[in-house]
Amino acid sequence: MDIDEIPAHFIKEVKRYSKRARYERNAFKLSEQLGVRIRPGERTSVIPGPPPTIILSPELLGMPDSDHVRHELAHVFMWWTGVEQALVVEYGSHEAARPYIESLCHAAVGFLRAPQNLVNEGVRRYGVSARCVDWLRQQTKMSHRAALQRLVYDDPTATRAGFIMTGNYVRDVATCNFRLPFWVYDRVPEIHKRLPGEVNLSMRQFSQSALKVGICAL
(Lines give C-alpha, C1' and ligand atoms only; values in the text may rest on other atoms or scores of the structure.)
Protein backbone atom coordinates (compact mmCIF):
# COMPACT_ATOMS: atom_id res chain seq x y z
CA MET A 1 0.00 0.00 0.00
CA ASP A 2 1.29 3.46 -0.90
CA ILE A 3 1.90 5.59 2.18
CA ASP A 4 -0.39 8.32 0.84
CA GLU A 5 -3.25 5.82 0.90
CA ILE A 6 -2.71 4.71 4.50
CA PRO A 7 -4.69 7.44 6.35
CA ALA A 8 -7.89 6.91 4.34
CA HIS A 9 -7.48 3.12 4.55
CA PHE A 10 -6.97 3.22 8.32
CA ILE A 11 -9.97 5.46 8.96
CA LYS A 12 -12.08 3.15 6.81
CA GLU A 13 -10.99 0.26 9.05
CA VAL A 14 -11.74 2.28 12.19
CA LYS A 15 -15.25 2.87 10.88
CA ARG A 16 -15.61 -0.84 10.12
CA TYR A 17 -14.76 -1.84 13.70
CA SER A 18 -17.08 0.85 15.04
CA LYS A 19 -19.89 -0.55 12.92
CA ARG A 20 -19.11 -4.10 14.11
CA ALA A 21 -19.68 -2.85 17.66
CA ARG A 22 -23.02 -1.30 16.60
CA TYR A 23 -21.58 2.21 16.81
CA GLU A 24 -21.13 2.01 20.57
CA ARG A 25 -20.03 5.45 21.75
CA ASN A 26 -18.85 4.60 25.27
CA ALA A 27 -15.18 3.67 25.12
CA PHE A 28 -15.32 0.96 27.80
CA LYS A 29 -18.36 -0.73 26.29
CA LEU A 30 -16.79 -0.46 22.82
CA SER A 31 -13.67 -2.25 24.05
CA GLU A 32 -15.75 -4.99 25.62
CA GLN A 33 -17.78 -5.56 22.45
CA LEU A 34 -14.59 -5.85 20.38
CA GLY A 35 -12.96 -8.30 22.78
CA VAL A 36 -10.30 -5.93 24.09
CA ARG A 37 -9.66 -6.28 27.82
CA ILE A 38 -9.01 -3.36 30.17
CA ARG A 39 -6.82 -3.85 33.23
CA PRO A 40 -5.33 -1.56 35.91
CA GLY A 41 -1.68 -0.54 35.81
CA GLU A 42 0.73 2.26 36.58
CA ARG A 43 0.51 4.00 33.21
CA THR A 44 -1.61 3.90 30.08
CA SER A 45 -0.40 1.41 27.47
CA VAL A 46 -1.65 -1.47 25.36
CA ILE A 47 -0.48 -5.10 25.04
CA PRO A 48 -1.01 -6.91 21.71
CA GLY A 49 -2.16 -10.14 23.33
CA PRO A 50 -3.95 -12.31 22.56
CA PRO A 51 -6.21 -11.10 23.89
CA PRO A 52 -5.27 -7.45 23.37
CA THR A 53 -5.26 -5.60 26.70
CA ILE A 54 -5.40 -1.91 27.48
CA ILE A 55 -3.64 -0.88 30.69
CA LEU A 56 -5.12 2.14 32.48
CA SER A 57 -4.11 3.96 35.62
CA PRO A 58 -6.62 3.70 38.52
CA GLU A 59 -7.87 7.27 38.07
CA LEU A 60 -8.67 6.64 34.40
CA LEU A 61 -10.39 3.36 35.23
CA GLY A 62 -12.76 5.28 37.46
CA MET A 63 -13.96 7.58 34.67
CA PRO A 64 -17.32 6.94 32.95
CA ASP A 65 -15.74 7.35 29.49
CA SER A 66 -12.23 7.89 28.15
CA ASP A 67 -10.48 9.13 25.02
CA HIS A 68 -7.39 7.35 26.36
CA VAL A 69 -9.21 4.07 25.76
CA ARG A 70 -10.20 5.14 22.25
CA HIS A 71 -6.59 6.03 21.47
CA GLU A 72 -5.33 2.67 22.66
CA LEU A 73 -8.11 0.91 20.76
CA ALA A 74 -6.80 2.63 17.62
CA HIS A 75 -3.42 1.01 18.27
CA VAL A 76 -5.16 -2.37 18.44
CA PHE A 77 -6.88 -1.65 15.11
CA MET A 78 -3.46 -0.86 13.64
CA TRP A 79 -2.21 -4.29 14.65
CA TRP A 80 -5.33 -6.07 13.41
CA THR A 81 -5.22 -4.36 10.01
CA GLY A 82 -1.45 -4.47 9.46
CA VAL A 83 -1.25 -0.67 9.19
CA GLU A 84 1.37 -0.32 11.91
CA GLN A 85 3.61 -2.92 10.28
CA ALA A 86 3.25 -1.17 6.92
CA LEU A 87 4.34 2.10 8.50
CA VAL A 88 7.31 0.49 10.24
CA VAL A 89 8.46 -0.98 6.93
CA GLU A 90 7.98 2.36 5.18
CA TYR A 91 9.93 4.35 7.78
CA GLY A 92 12.53 1.71 8.54
CA SER A 93 11.88 1.33 12.27
CA HIS A 94 9.11 1.58 14.84
CA GLU A 95 10.77 4.59 16.43
CA ALA A 96 10.89 6.46 13.11
CA ALA A 97 7.25 5.57 12.39
CA ARG A 98 6.01 6.50 15.87
CA PRO A 99 4.94 10.12 15.12
CA TYR A 100 2.86 8.97 12.14
CA ILE A 101 1.36 6.11 14.15
CA GLU A 102 0.44 8.39 17.04
CA SER A 103 -1.05 10.98 14.69
CA LEU A 104 -3.35 8.41 13.08
CA CYS A 105 -4.40 7.00 16.46
CA HIS A 106 -5.20 10.51 17.66
CA ALA A 107 -7.31 11.11 14.54
CA ALA A 108 -9.18 7.84 15.13
CA VAL A 109 -10.44 9.08 18.50
CA GLY A 110 -12.87 11.49 16.83
CA PHE A 111 -14.24 8.76 14.55
CA LEU A 112 -14.97 6.56 17.56
CA ARG A 113 -16.39 9.36 19.68
CA ALA A 114 -18.68 10.46 16.83
CA PRO A 115 -19.41 7.20 14.96
CA GLN A 116 -20.74 7.11 11.43
CA ASN A 117 -24.41 6.72 12.28
CA LEU A 118 -24.27 9.92 14.34
CA VAL A 119 -22.49 11.87 11.59
CA ASN A 120 -24.96 10.55 9.03
CA GLU A 121 -27.82 11.76 11.21
CA GLY A 122 -26.25 15.20 11.50
CA VAL A 123 -25.77 15.46 7.74
CA ARG A 124 -29.32 14.23 7.15
CA ARG A 125 -30.63 16.99 9.41
CA TYR A 126 -28.38 19.88 8.46
CA GLY A 127 -26.29 18.88 5.45
CA VAL A 128 -22.53 19.38 5.35
CA SER A 129 -22.72 22.65 7.20
CA ALA A 130 -21.55 24.70 10.14
CA ARG A 131 -24.77 23.83 11.96
CA CYS A 132 -23.94 20.14 11.59
CA VAL A 133 -20.53 20.72 13.24
CA ASP A 134 -22.18 22.49 16.17
CA TRP A 135 -24.75 19.69 16.50
CA LEU A 136 -22.01 17.03 16.55
CA ARG A 137 -20.14 18.94 19.24
CA GLN A 138 -23.26 19.14 21.40
CA GLN A 139 -24.07 15.46 20.94
CA THR A 140 -20.58 14.19 21.74
CA LYS A 141 -19.06 16.91 24.00
CA MET A 142 -16.10 16.96 21.61
CA SER A 143 -13.89 20.01 21.36
CA HIS A 144 -14.74 22.60 18.70
CA ARG A 145 -11.70 21.53 16.71
CA ALA A 146 -12.48 17.80 16.93
CA ALA A 147 -16.07 18.31 15.77
CA LEU A 148 -14.86 20.39 12.82
CA GLN A 149 -12.31 17.77 11.79
CA ARG A 150 -14.81 14.92 12.17
CA LEU A 151 -17.12 16.41 9.54
CA VAL A 152 -14.44 17.69 7.17
CA TYR A 153 -12.47 14.43 7.16
CA ASP A 154 -15.48 12.12 7.09
CA ASP A 155 -15.20 11.37 3.37
CA PRO A 156 -11.64 11.43 1.96
CA THR A 157 -13.03 11.74 -1.60
CA ALA A 158 -15.14 14.82 -0.83
CA THR A 159 -14.14 18.42 -1.50
CA ARG A 160 -14.69 20.43 1.65
CA ALA A 161 -12.96 22.56 4.25
CA GLY A 162 -13.75 24.25 7.52
CA PHE A 163 -12.41 26.87 9.89
CA ILE A 164 -12.97 28.30 13.35
CA MET A 165 -12.74 32.02 14.03
CA THR A 166 -12.30 34.29 17.01
CA GLY A 167 -13.57 37.67 15.91
CA ASN A 168 -11.97 38.35 12.53
CA TYR A 169 -9.05 35.98 13.09
CA VAL A 170 -8.78 32.39 11.93
CA ARG A 171 -8.11 30.12 14.89
CA ASP A 172 -8.16 26.68 13.26
CA VAL A 173 -8.62 25.06 9.85
CA ALA A 174 -9.31 21.62 8.39
CA THR A 175 -9.18 20.88 4.66
CA CYS A 176 -10.01 17.89 2.46
CA ASN A 177 -9.18 18.26 -1.26
CA PHE A 178 -9.85 21.99 -0.90
CA ARG A 179 -7.34 24.81 -0.59
CA LEU A 180 -8.47 27.75 1.52
CA PRO A 181 -7.24 31.24 0.51
CA PHE A 182 -6.36 31.94 4.17
CA TRP A 183 -4.80 30.07 7.07
CA VAL A 184 -4.47 29.97 10.84
CA TYR A 185 -3.82 33.38 12.46
CA ASP A 186 -4.84 35.30 9.32
CA ARG A 187 -7.17 38.27 9.76
CA VAL A 188 -10.17 37.76 7.46
CA PRO A 189 -12.97 40.24 8.21
CA GLU A 190 -15.13 39.28 5.19
CA ILE A 191 -14.77 35.55 4.60
CA HIS A 192 -17.28 35.32 1.75
CA LYS A 193 -15.25 37.76 -0.35
CA ARG A 194 -12.17 35.55 -0.13
CA LEU A 195 -13.85 32.38 -1.39
CA PRO A 196 -14.68 31.37 -4.97
CA GLY A 197 -18.28 32.00 -6.01
CA GLU A 198 -19.08 28.32 -6.55
CA VAL A 199 -18.32 27.46 -2.92
CA ASN A 200 -21.24 26.76 -0.60
CA LEU A 201 -20.33 28.58 2.61
CA SER A 202 -22.20 28.20 5.88
CA MET A 203 -21.26 29.88 9.15
CA ARG A 204 -22.56 29.60 12.68
CA GLN A 205 -21.62 30.73 16.15
CA PHE A 206 -21.01 27.75 18.39
CA SER A 207 -23.59 27.28 21.11
CA GLN A 208 -22.46 28.85 24.41
CA SER A 209 -19.24 30.11 22.83
CA ALA A 210 -17.76 33.22 21.24
CA LEU A 211 -16.23 31.07 18.51
CA LYS A 212 -17.66 30.86 14.99
CA VAL A 213 -17.37 27.88 12.65
CA GLY A 214 -17.45 27.91 8.87
CA ILE A 215 -17.83 25.07 6.40
CA CYS A 216 -17.03 25.28 2.67
CA ALA A 217 -18.27 22.55 0.34
CA LEU A 218 -18.54 21.98 -3.39
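The values are calculated or read from the model by the stated rules, or taken from the named source; none is laboratory data. Remember, predicted model here, so these are calculated numbers, not experimental data. Every residue, glycine as well, gets a Cβ built from its backbone with ideal geometry; the counts of neighbours run over all protein chains shown. Side chains are part of the model used for accessible areas, which takes the heavy atoms of the whole protein and leaves out ligands, DNA and RNA. Shrake-Rupley method; radii C 1.70, N 1.55, O 1.52, S 1.80 Å.
Numerical summary
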read-out: Within the chain, longest stretch clear of exposed GluC sites (Glu not before Pro) (DSSP loop, no more than 16 other Cβ within 10 Å); value: 43-189
read-out: Heavy-atom surface of the range 70-158, accessible at 1.4 Å and reported per residue (Å²); value: 43
read-out: For Leu34, distant residues with modelled amide H under 5 Å away; value: none
read-out: 3J(HN,Hα) from dihedral phi, the range 49-64, Karplus parametrisation 6.51/-1.76/1.60, rounded to Hz, x for glycine, proline; value: x, x, x, x, 9, 9, 9, 10, 5, x, 5, 6, 5, x, 7, x
read-out: Inter-label distance, nm, simple model (7 Å from Cα along the C-beta direction), Gln85/Met63; value: 3.2
read-out: Student exercise, the chain dipole from Lys, Arg, Asp, Glu Cβ charges, in Debye to nearest 20; value: 900
read-out: Overall form of the range 15-82 per C-alpha gyration tensor (a/c, 1.5; a/b vs b/c); value: oblate
read-out: Rg/Rg_ref, the range 156-198, where Rg_ref = 2.2 N^0.38 Å and atoms are Cα; value: 1.15
read-out: Amide H partners (placed H, <5 Å) of Asp186, local residues excluded; value: Val170
read-out: 0 to 90° range, to nearest 10: angle between helix 6-20 axis and the chain longest Cα axis; value: 70
read-out: Radius of gyration and Dmax over the Cα atoms of the range 1-155, both given in Å; value: 15.6, 46
read-out: Contact order normalised by residue count of the chain, Cα under 8 Å, 6+ apart, percent; value: 15
read-out: Under the Karplus curve 6.51 cos²θ - 1.76 cosθ + 1.60, θ = phi - 60°, whole-Hz ³J(HN,Hα) for the range 79-90, x wherever Gly or Pro sits; value: 5, 4, 9, x, 5, 4, 4, 5, 5, 4, 5, 5
read-out: Test item: Cα-centred dipole of the range 124-215, Lys/Arg +1 and Asp/Glu -1 on Cβ, debye; value: 220
read-out: Percent accessible area from carbon and sulfur atoms, the range 1-139, protein chains only, probe 1.4 Å; value: 50
read-out: Charge dipole of the chain about the Cα centre (unit charges at C-beta), most positive-ward option of Ile164, Pro52, Val184; value: Ile164
read-out: Count, lysine Cα pairs under 27 Å in the chain, 8 or more residues apart or across chains; value: 9
read-out: Gap separating the Cα centres of the range 1-36 and the range 66-140, nearest whole Å; value: 8
read-out: The range 122-218: radius of gyration over Cα atoms, expressed as a fraction of 2.2 N^0.38 Å; value: 0.97
read-out: Residue-by-residue Karplus 3J(HN,Hα) for the range 175-184, coefficients 6.51, -1.76, 1.60, Hz, glycine and proline x; value: 10, 9, 6, 8, 9, 6, x, 8, 9, 4
